[in-house]
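This report concerns only the one structure given below.
The values are calculated or read from the model by the stated rules, or taken from the named source; none is laboratory data. All of these numbers come straight from a predicted model, not from anything done at the bench. Backbone-built Cβ (ideal geometry, glycine too); neighbour counts: all protein chains shown. Areas reflect the complete protein model, heavy atoms only, side chains present, ligands, DNA and RNA absent. Shrake-Rupley method; radii C 1.70, N 1.55, O 1.52, S 1.80 Å.
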Amino acid sequence: MTTPRRYWIEFDPQQCSHPWFQQGVGVTGFDVPDCLSMVAKLFPDEPMPPVHRITADISLAEPLPVNPRNLGVPVWRGVWYPPLNLGTGPIRAIDRRGAPSEYPTPVTTSGRQVRASETVHAKTTWWDEIPHINGLLWPLVTMHHAEYGRGMRLSAPALRAVCATDPTYGDMVREALDYMIAWHPTPDEWFDPTETRFADQRDLDEYLRAFRDYLFGTRPEPIYPPGSERPSPAITCPGAEQHERLGQVSRTAREME
């Protein structure tokens, strides 16, 4: 199965009167029929209006014709504008039977991908598109700095515990990691927010997969950032400060939903 893609679907303005849908619908799915079948369910009592335009791989770094505060979670399969998937979570079942047989050929956005020469706040990459990034800075960025390698060794067990005991926060972390792994960031792109340099693509890919498998799988220990130091024998478990920090991050992330 292919990686889910984001689509922005616009209807014929002469035949779409619902105020929520006049600017378009944001949906993530495996292909156009998959997305259209989910969009068709938004019109349970009437036919879906004719589709006027479909934009594939829509970038959330580009201005959308709707308030960005009204978006759901674009990395989840499902409708994220209107923000319906905030209530349903990722949709797992696939049923393309509701999709119309005819629709316009999708077009793609012309957004560019910016490399390491630009700052974190100015670039247009996966960084900008991670949902609730302000609530996920610790597990997705800070923990991966080489200079904080000892902090990762101490806090990774606490993070895994928080993800297990708080499913809402755990789902957010897991979906964001899945997004990063699917994006396949280059060592330069990874260096931008983390300031940690990997020698090659293979090492970085293995690092991200190992981190995810440690948090949500059976891997006993993650791979630590290049150049990180091992803690002294006297420091063997995460302290109360790390637990409290992660607990606060979890609460903040829930409040941002």
Task: Complete set of residues in the range 187-199 that are assigned to a loop (DSSP other than H, G, I, E, B) and buried (at least 17 other Cβ atoms within 10 Å of the Cβ) - done: 196, 198
- [ ] List every residue pair whose Cβ atoms sit under 9 Å apart, with the two residues 6 or more apart in sequence or on different chains, where the first one lies in the range 171-187 and is aromatic (Phe, Trp, Tyr) and the second, anywhere, is in a helix (DSSP H, G or I).
- [x] 179/126; 179/129; 183/126; 183/129; 183/189
Open item on the list: Of everything in the range 200-222, what is in a loop (DSSP other than H, G, I, E, B) and either open to solvent by less than 50 Å² (accessible area, probe 1.4 Å) or at pLDDT below 90 (or both)? Give them in sequence order.
Closed with: 217, 222
Open item on the list: One residue is enough: does the range 97-105 have a residue meeting the conditions among the hydroxyl-bearing types (Ser, Thr, Tyr), in a loop (DSSP other than H, G, I, E, B), open to solvent by 70 Å² or more (accessible area, probe 1.4 Å) and at pLDDT below 80?
Closed with: no
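Matching residues to (1) open to solvent by 60 Å² or more (accessible area, probe 1.4 Å); (2) part of a helix (DSSP H, G or I); (3) at pLDDT 80 or above:
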| site | (1), (2), (3) |
| --- | --- |
| 112 | yes, no, no |
| 149 | no, yes, no |
| 154 | no, yes, no |
| 164 | yes, yes, yes |
| 173 | no, yes, yes |
| 181 | no, yes, yes |
- [ ] Would you confirm whether any residue within the range 125-138 is in a helix (DSSP H, G or I), modelled with pLDDT of 85 or more, over 22 Å from residue 80 (Cα atoms) and not β-branched (Val, Ile, Thr)?
- [x] no
TODO: Tell me which residues, restricted to the range 67-96, are basic (Lys, Arg) and either buried (at least 18 other Cβ atoms within 10 Å of the Cβ) or at pLDDT 80 or above (or both).
DONE: 77, 96
Open item on the list: Among the residues in the range 6-15, are any open to solvent by less than 20 Å² (accessible area, probe 1.4 Å), of a type in the set (S, T, N, Q) and at pLDDT 85 or above?
Closed with: no
TODO: Give the residues of the range 1-22 that are among the β-branched types (Val, Ile, Thr) and closer than 16 Å to residue 181 by Cα, sorted by residue number.
DONE: 2, 3
